[in-house]
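A short reminder: the numbers here are calculations on the coordinates, not readings from a lab. Please read these numbers as outputs of a predicted model, since none were measured by experiment. Cβ sites come from the backbone with ideal geometry, for glycine too, and all protein chains shown count toward neighbours.
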Amino acid sequence: MLRRLTVILIAGVLAIGALLVSTRPDVPIPGIPPVPVEPGVLPAVPPAAPSAAAESAAVVRVVDGDTLVVNRGEGDERVRLVGVDTPETVAPNAPVECFGPEASAYVTDLLTGATVSLDSDPSQGDTDRHGRLLRYVWVPGDGGTWNSVEALLIRGGFAEPYRDPHSRKAEFDALGAEAQVADRGLWGACAYPGQP
């Protein structure tokens, strides 16, 4: 009970402190009920699109919930989504973690055959220690809008916000706290994130 109250308190503080929420409450997540909005309370306004510096890329395949192979016109490259951590499904010498297959399936359904927009984060390097590009990934939505793949993953409980600093940390932490309080995805299915 104390843990749940602490999470609710943290969620409230993070929600107030978040400058932007990059997912729209009116964009449904398959299998997840919409987030209720109290009458008279306006949801935060999400960014309308990726930055002007973002690059277009074709999704070649999904490796797992937070890693993709894309082609920006220079051959296939691996991309690691910034700011999220999904349960492992393909790590060598490690078991498949709870809710990992569901996270991978969600990203596969969302991005197979898609052309996405890749945004770098000035607080991150260009690549990680495995040589993967570090990028925020945006997928086209309805009516010319864009959806943040990272925000959709966290809001749906398919991923945890990444613990290390990045430009959208407060926003992602608020979405993660909301998903945890609602027991969405891995928060309701797993005893703890990362369990086999």
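Here is how the numbers come out for the structure above:
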| read-out | value |
| --- | --- |
| Pair Ser123, Val96: separation of 7 Å Cα→Cβ label points (nm) | 3.4 nm |
| Qualifying trypsin sites (Lys or Arg not before Pro) in the stretch 149-188, DSSP loop, other Cβ atoms within 10 Å at most 11 | Arg163 |
| Point-to-point label distance, Asp164-Glu55, nm (Cα→Cβ direction, 7 Å offset) | 2.0 nm |
| Point-charge dipole on Cβ atoms (K/R +1, D/E -1) for the stretch 106-172, about Cα centre, debye to 20 | 140 debye |
| Proxy reagent accessibility, fewest Cβ within 10 Å first, across Trp146, Trp138 | Trp146, Trp138 |
| Centroid-to-centroid separation of the stretch 155-196 and the stretch 82-145 [C-alpha atoms, Å] | 14 Å |
